[in-house]
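Please treat every number below as a calculation from the coordinates, not as lab data. Keep in mind that this is a model prediction, so the values were computed, not measured. When we count neighbours, we look across all protein chains shown, and the Cβ atoms used for this are built from the backbone with ideal geometry, even at glycine.
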Amino acid sequence: MEKTEETKKLRVLFLCTQNSARSQMAEGFLRHYGGDGFEAYSAGIEPTDEIHPCAVEAMREVGIDISEQYPKALGTYFGKMSFNYLAIVCARAEERCPKTFPGVNIRFSWIFEDPRSDESLPYDSMLERFRKVRDEIELKVKNWLEHPEAELAKLREERERERKERMEEARWEAELREYDQQAGREARSEALSVGPASTALTYPAYPST
């Protein structure tokens, strides 16, 4: 079957905890820089009711309007859509996201600092934190689009390191089991060499008549 232009697009899902800031900005940047080659989505483990106003303002400053975007739960897509890439942008979401994600081909960990970590800050100070994270997200998205193989190479290195760690753990566990089994065999061998413990029967002494 001949592929249409629509089926050639790469789907990318950005995931964070509340889907109110980092993942929304990442979605906005991919929509802006990805052109017709990508479909950008975002979701949250525990989505809030609205996008943080500082996220909207920070993106507006660089000419990208995300005011029409809105927070969505992971269940909106989980098991219902397939994605070429899943990019997790916050540590809490990475901890809680399933290790195996149905319908996802490649999973990236792009962890950015939470700009909302101190909600007591004045608006201007909060906005400055959002600007910093916004610029980091923009740089990450642009670098990935320009050098996709570099990110894949990094992912392969991480997987190889994890594989070696699993092999080392399996080897250590195997050695531990062998040690326990050997200790058990030695204990049994020692018990058999000694033989069953003899039990002396002691009878009460009766007075002579």
Checklist outcome for this item: At R0 = 45 Å the Cβ-Cβ FRET efficiency linking Asp135 and Glu168, nearest 0.05, sits at 0.70
Next on the checklist: Applying a 10 Å radius around every beta-carbon, put 76-87, 176-187, 49-60, 113-124 in order of their mean neighbour count, most first.
Outcome noted: 49-60, 76-87, 113-124, 176-187
Item to check | Separation of the Ser67 and Glu95 label points, Cα + 7 Å toward Cβ, nm | outcome: 3.6
Next on the checklist: Distance between the C-alpha centers of the stretch 76-123 and the stretch 8-28? Whole Å please.
Outcome noted: 8
Checklist entry - What is the distance, in nm, between label points placed 7 Å from the Cα along the Cα-to-Cβ direction at Ser117 and at Ala183? => result 4.3
Next on the checklist: Over 26 Å between Cα atoms: which of Lys80/Lys132; Lys72/Lys132; Lys72/Lys142; Lys8/Lys132; Lys72/Lys164; Lys9/Lys142 fall into that group?
Outcome noted: Lys80/Lys132; Lys8/Lys132; Lys72/Lys164
Checklist outcome for this item: Kirkwood calc, the stretch 10-146, C-alpha pairs only, radius in angstrom 14.8
